[in-house]
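Structure record follows, encoded as structure tokens.
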Amino acid sequence: MKKLIIGLALAVCASGTAMAQERTVRIGTEGAYPPYNFINDNGQVDGFERELGDRLCEMTGFNCTWVTNDWDTIIPNLVAGNYDAIMAGMSITDARKEMISFTQRYKPGDPSSFLALEGADESVMTGVVAAQSNTIQSSYLADTPATLVEFPTPEDMVAAVRNGEVDAALANSAYLSDVINESGGRLVFVGEPLDIADGVGMGLRQSDNELREAFDAAIKELEDNGELQVMLDKWFN
Amino acid sequence: MCYLTTVKHSMFYWSFGIVLALLALTAPAALLLGFLGAMAKRSQVAVVRWIGSIYTSMVRGIPDIIFFMFVPIALGQGIEYVRHKIKCPDVTEPIRQGNDFVVCAAAKFPLGSADQWVHQTYGFALATVAFAFVFGAFVANTIDGAMRAVPANQLETGHAYGMTRRQVFWRILVPQMWSYALPGLSNLWQILIKATPLLFLLGVQDVVYWARELGGSKTSRYEYPHGDWRLWYFMVLLVFYLLMTWGSEKVFRRLSTRFARGQATQAGQQHLEAKA
Amino acid sequence: MSCLQTLSEYGLRSLGHGPRLLPRGDITLCDQIVLIGSGMIWNIYFAVLALTLGFFLATALALAKNSKNRLLRAPATGFIFVFRGSPLFIQFFLAYEAFVLLPRAGIEIDLLFVQITAETRWLTRAAAGALIVLFLNTSAYSAEIFYGALRSVPRGDLEAADAYGMSGFSRFRKIVWPTMMRLAWPSYTNEAIFLFHATTLVFFSGFPAWQQKGDALYYARYFADQTFNPFIPYPIAGAYFILFTLILIMIFGKINNHLNRHLAREQRIKMKLSTRFYRRNAVPSLR
């Protein structure tokens with residue numbers, strides 16, 4: 001029995017170190033959710049998660065590549081093995097934990113806010129409200145009296161508010177504040193921010209313990225040495 | 001002017017090359033598949049004939065878009081399934097676990113460790129196969145019709161001269177058939193051009209992908225912030241496609257006059273008279 | 001959950017009746033058949049309305065293109081060129097982006113027009129906006145077919161009409177139009193089939209599916225994405241389309257017989273996939 005345990009431990013160590021040096025990790029992201037992730041003018045994935053992800057890969061020794069994928073199918077494609085990790089501003093929720101596993105959070109829960117055209121009052125919060133499909137915001141709205149309209153991308157959602165197709169949109173405050181700052185006063189926050197998120201983490205296949213352990217340790221280290229906070233301050237003011 | 005020369009824009013310009021590459025690869029592949037399909041429909045073996053008929057009539061009843069979505073996934077999973085059986089014969093767990101399609105890491109294709117461009121090329125290749133499959137069926141219909149349009153007495157003459165079935169097919173039917181097939185084929189070419197933006201649905205980073213990406217409103221996180229410009233980018237695509245279809249129509253018009261030469265058709269007759 | 005229960009819950013899901021959440025997790029075969037079938041309602045809605053409305057515009061466009069008056073001919077020719085020369089997919093995207101911009105322009109014009117701007121909202125919905133695109137698109141394709149047929153109306157028919165002293169509208173309605181229809185019908189049948197198939201593009205081209213109310217392919221893709229098994233939802237959608245395509249061919253065949261009823265049996269234009277039919281019209285006018 002003892003032998004077996006030692007043997008197993010050795011095997012794990014051996015595979016762990018050997019693979020940690022060579023393993024290519026494909027990180028899936030949406031590329032449409034600044035400041036978390038977006039495609040910059042050089043056609044590269046950019047944003048908070050790119051910077052953090054690259055740092056994590058550097059620490060763990062994985063060889064990382066970034067791929068973009070529609071938000072709607074980002075979880076099924078992870079499960080199918082088309083990439084190995086998700087870093088896409090994804091909140092850690094119980095529903096998602098049934099399909100995938102998460103590392104510890106690398107960003108504390110971001111409040112969600114309602115976005116509306118200037119001059120709107122709080123009644124829009126129970127009117128026709130847009131959200132990106134398969135998000136915590138869309139499942140939150142489904143339980144409120146508001147009429148939910150789902151859009152596949154954040155961009156489409158904001159466009160719907162702009163042209164009056166919907167009364168308001170509910171999304172991550174960090175994403176919306178960029179939009180509002182640039183709108184020249186046409187768009188505003190309405191109501192109080194909601195605390196419906198538990199924090200953002202990296203999504204992984206449930207079977208992939210190797211990645212989870214490695215990334216968990218690395219995130220913890222960045223958190224302890226203050227590097228993570230510097231990045232958060234940089235991207236989220 | 002710098003705005004139009006960003007790396008992202010050059011990717012947009014390159015993506016027009018992807019459209020042209022798709023056309024260049026699909027057209028001959030579809031022509032070949034179509035020819036085989038038409039031959040199958042004329043086969044003396046009943047089973048082959050049925051396969052030919054099912055293949056050609058399927059695309060008439062089912063929207064092409066369903067094929068475009070189905071074929072790449074099905075093919076991709078098929079390839080991984082076979083690789084899984086070969087490379088990981090020891091894995092006993094089923095490949096379909098509930099809603100997941102799980103093959104061993106070595107069976108992934110392309111391998112998880114492959115470069116991003118390999119993945120993209122593979123995606124493009126699957127899309128090409130889907131296009132060739134659908135358009136092959138259309139071509140088969142056209143060629144089949146053209147073969148039927150060749151006057152029967154021409155073939156009978158061949159037989160009367162003691163030619164074999166095969167000789168009649170290759171020496172009389174096929175050369176004659178092209179001029180009848182040309183109008184249909186030119187139409188299919190136009191349709192193929194107009195089907196290329198569907199690449200976007202297959203996850204290929206084509207012109208539509210970049211038009212949406214570049215046109216979407218940009219905050220000052222980006223170098224060149226702007227509002228929603230997608231309308232203008234799509235205008236560019238519209239002009240591109242109008243030029244493509246307009247240009248190829250001209251080319252085909254020329255081709256058809258050339259093909260009409262020496263044919264026992266009205267157009268061929270006119271050709272002779274014009275010369276005389 | 002029994003299949004009948006699924007049918008009663010999700011049967012009209014595409015119209016917004018039934019549970020808000022689509023089936024997740026354990027997706028049964030029945031779920032897929034019911035929901036994809038429910039989505040077919042939209043495909044039929046788009047096809048029927050676009051074809052019906054398009055028929056009239058197409059006739060008008062064909063006449064305009066055949067007109068001696070440049071002011072009529074040029075716009076008709078241009079319209080047909082643009083809609084036939086560009087992909088429907090791009091047309092959808094463009095139309096959606098354009099419709100999205102509409103209200104802004106409306107507000108700027110005058111506050112008195114608030115009533116109108118409120119109504120432009122509907123254009124960004126697939127039910128209205130995509131229908132308009134499909135309508136214009138099929139009008140262009142059909143107009144080209146009708147125009148071709150118009151040019152082939154036998155001269156003798158027209159001369160006979162003249163001899164009877166017919167002119168203007170009555171000549172058109174009694175002589176030209178019936179012949180034009182008879183000649184165009186096989187091609188027009190093809191156009192109808194391909195328009196029907198093109199309705200599957202609607203929800204993939206900019207128009208959002210409100211509350212996940214989508215067409216057959218929208219749901220088929222949803223299931224394929226959720227289950228990672230394309231071998232069930234897509235064939236189901238395919239089967240539905242084959243079924244309705246056959247029905248469509250049957251209806252158009254009936255009309256064809258009606259159009260040809262005065263002719264001797266041999267003279268009739270067969271709806272069968274005859275050589276002639278193929279040569280001219282194999283032209284799947286799929287966009």
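The values are calculated or read from the model by the stated rules, or taken from the named source; none is laboratory data. This one's a predicted model, so the numbers in the text were calculated from it and none came from an experiment. All Cβ positions, even for glycine, are placed from backbone atoms using ideal geometry, and neighbour counts span all protein chains on display. Quick note on the areas: whole protein, heavy atoms, side chains included, nothing else; ligands and nucleic acids left out. Shrake-Rupley method; radii C 1.70, N 1.55, O 1.52, S 1.80 Å.
Give B:8/B:194; B:108/B:218; C:65/C:174; B:8/B:108; A:234/B:8; B:41/B:250 a once-over and call out the pairs whose C-alpha atoms are over 27 Å from each other. Intermediate results must be reported in sequence, preceding the final value.
Working: B:8/B:194 24 Å; B:108/B:218 36 Å; C:65/C:174 20 Å; B:8/B:108 30 Å; A:234/B:8 24 Å; B:41/B:250 32 Å.
Among B:8/B:194; B:108/B:218; C:65/C:174; B:8/B:108; A:234/B:8; B:41/B:250, the Cα-Cα distance tops 27 Å for B:108/B:218; B:8/B:108; B:41/B:250.
Could you sort C:145, A:39 by accessible area so the largest value comes first, with the probe set to 1.4 Å?
From most exposed to least exposed: C:145, A:39.
Hey, if you put +1 on the Cβ of every Lys and Arg and -1 on every Asp and Glu Cβ in chain B, which of B:79, B:243, B:202 ends up farthest toward the positive end of that dipole?
Selected residue: B:243.
Which order do B:157, B:128 take when ranked by solvent-accessible area (1.4 Å probe, heavy atoms of all protein chains), largest first?
Details: B:157 65, B:128 20 Å².
Accessible-area ranking of B:157, B:128, largest first: B:157, B:128.
Could you give the distance between the Cα centres of the range C:128-193 and the range A:159-232, to the whole Å?
58
What is the spread of the Cα atoms of the protein assembly as shown along each of their three principal axes, largest first, in whole Å?
So the three principal-axis extents are 97, 75, 61 Å.
Using only the Cα atoms, work out Rg/Rh for the range B:2-275, with Rh taken as the Kirkwood radius, to two decimals. Kindly include the intermediate steps, with their values, before the conclusion.
Values: Rg = 23.8 Å, Rh = 22.2 Å.
Computed over Cα atoms, the ratio is 1.07.
One quarter of the convex hull surface, Cα atoms only: what value does that give for chain A in nm²? Don't jump to the answer; show the numbers that get you there.
Values: hull surface 58.2 nm².
Projected over every direction and averaged, the Cα hull of chain A covers 14.6 nm².
With r as the distance between the Cβ atoms of residue C:164 and residue B:165 and R0 = 51 Å, compute the FRET efficiency 1/(1 + (r/R0)^6) and round to 0.05.
Values: r = 55 Å, r/R0 = 1.07.
Step by step, r from the Cβ atoms, then E = 0.40.
What nm distance separates the two modelled labels at residue C:20 and residue B:79, each placed 7 Å from Cα along Cα→Cβ?
Going from the residue C:20 label point to the residue B:79 one covers 4.2 nm.
Go through the cysteines of chain B and tell me which have no other cysteine Cβ under 4.7 Å away.
Singleton cysteines: B:2.
Consider a paramagnetic label point 7 Å from the Cα of residue A:55 along Cα→Cβ; state which residues of the range A:198-215 have an amide N under 17 Å from it.
What the label zone holds, given the 17 Å backbone N cut-off, is A:200-202, A:215.
Please give the FRET efficiency for residue C:7 paired with residue B:157, using the beta carbon to beta carbon distance and R0 = 51 Å, rounded to the nearest 0.05.
For residue C:7 and residue B:157, the calculated efficiency is 0.25.
Roughly what % of Cα-Cα distances in the range A:112-194 sit above 23 Å, to the whole percent? Intermediate results must be reported in sequence, preceding the final value.
Numbers: 218 of 3403 pairs.
Of all Cα-Cα distances in the range A:112-194, 6 percent exceed 23 Å.
Would you tell me the accessible area of residue C:14, worked out with a 1.4 angstrom probe on the heavy atoms of the protein chains, in Å² to the nearest 10?
Residue C:14 exposes around 0 Å² with every protein chain in place.
Modelling each spin label as a point 7 Å along the Cα-to-Cβ direction, I'd like the residue B:116/residue B:43 distance in nm, to one decimal.
4.5
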